[in-house]
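A.B. asks: Got a structure here, written out as C-alpha cells. Questions coming.
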Amino acid sequence: MKISDILATKGRTVHSVLPWLTVGEVAERLGRLGVGAVLVCDENHAIRGIVSERDIVRALGRDGAALLTKQVSEVMTRHVSTCAPDETVAQAMARMTAGRYRHLPVVVNGELVGMVSIGDLVKNRLKEMELETGVLRDVVIARY
C-alpha cells in the first residue's frame with residue numbers, strides 16, 4: 001500500500017500556520033482542529049518547520065507561561081522530513097519510527113499535497129492485517 005492510497009481515503013487537507021503567530025494562538029488552533037501538529041509555512045506556502053504538541057510541552061517546561069506569547073518559530077522543529085505519495089506505508093512507518101516523529105508531510109515536486117500521521121499509517125496496517133487474517137482463515141476453512 002502507498003501513501004497516496006491513505007491520502008485518497010483521509011483527504012489532502014493540511015493545516016498550517018505562519019511563523020510569527022504566537023504559541024498561544026497555535027495551541028488554540030491545534031485544540032480547535034483536533035490535530036497533533038501543524039506545518040509552519042511562510043507567505044509563499046514553503047515549509048519552514050512543524051510544531052507539534054510535543055514541541056509546545058517541551059518549551060512550556062523550559063519557558064513557563066511566557067511561552068504563550070512567543071512566536072511559534074521559536075519552538076517549531078525546523079528540520080521536517082517529507083515523503084512522496086508513491087512511498088510505501090511500511091517505508092514511511094520505518095522512517096517515522098527511526099526519526100521519532102508522528103507527522104509526515106507529503107510532497108510532490110516541492111509542492112505540499114497532504115500529510116499523514118503515524119495514526120493514519122497504523123490504522124491502515126491494521127486493516128491490511130485484518131484482511132490477511134480473513135483470507136488465511138478462508139483458505140484453512142476451504143481445505144477442511
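A.B. asks: Determine if the stretch 92-104 includes at least one residue that is among the aromatic types (Phe, Trp, Tyr) and closer than 24 Å to Ile6 by Cα.
C.D. replies: There is at least one residue in the stretch 92-104 that is among the aromatic types (Phe, Trp, Tyr) and closer than 24 Å to Ile6 by Cα.
A.B. asks: For Leu121, work out the one condition from (1) among the hydrophobic types (A, V, I, L, M, F, W, C); (2) more than 18 Å from Gly11 (Cα to Cα); (3) surrounded by 16 or more Cβ atoms within 10 Å (Cβ to Cβ) it doesn't fulfil.
C.D. replies: (2)
A.B. asks: Criterion first (surrounded by 13 or more Cβ atoms within 10 Å (Cβ to Cβ), in contact with a His (Cβ under 8 Å, 6 or more places away or on another chain) and among the basic types (Lys, Arg)) does Arg48 satisfy it?
C.D. replies: no
A.B. asks: Still on this structure: In the stretch 8-30, how many are in a helix (DSSP H, G or I) and at pLDDT below 95?
C.D. replies: Result for the stretch 8-30: 3.
A.B. asks: Being of a type in the set (Asp, Glu) and over 10 Å from Met76 (Cβ atoms) is the filter here; which residues of the stretch 46-60 pass it?
C.D. replies: Across the stretch 46-60, the qualifying residue is only Glu53.
A.B. asks: Continuing with this model, one more query. Among residues belonging to the stretch 58-100 that are buried (at least 16 other Cβ atoms within 10 Å of the Cβ) and small (Gly, Ala, Ser), point out the one that is nearest to Thr22 (Cα to Cα).
C.D. replies: Ser73
A.B. asks: Cβ contacts < 7 Å: first residue within 27 Å of Thr9 (Cβ to Cβ), restricted to the stretch 125-144; second residue at pLDDT 75 or above and hydrophobic (A, V, I, L, M, F, W, C), any location; separation 6+ or different chain. Result?
C.D. replies: Close Cβ pairs satisfying both conditions: Arg125/Val89; Glu128/Met1.
A.B. asks: Could you count how many residues in the stretch 76-104 are without any contact (Cβ under 8 Å) to a residue 60 or more places away in the chain, farther than 16 Å from Ile47 by Cβ and of a type outside the set (Gly, Ala, Ser)?
C.D. replies: 6
A.B. asks: Output the number of residues of the stretch 98-144 satisfying the condition of being within 30 Å of Met76 (Cα to Cα), of a type in the set (Asp, Glu) and out of contact with any Lys or Arg (no Cβ under 9 Å at 6 or more places or on another chain).
C.D. replies: Counting residues in the stretch 98-144 that are within 30 Å of Met76 (Cα to Cα), of a type in the set (Asp, Glu) and out of contact with any Lys or Arg (no Cβ under 9 Å at 6 or more places or on another chain) gives 1.
The values are calculated or read from the model by the stated rules, or taken from the named source; none is laboratory data. Bear in mind that the values here come from a model prediction, so they are computed numbers and not experimental data. All Cβ positions, glycine included, derive from the backbone under ideal geometry; neighbour counts span all protein chains shown.
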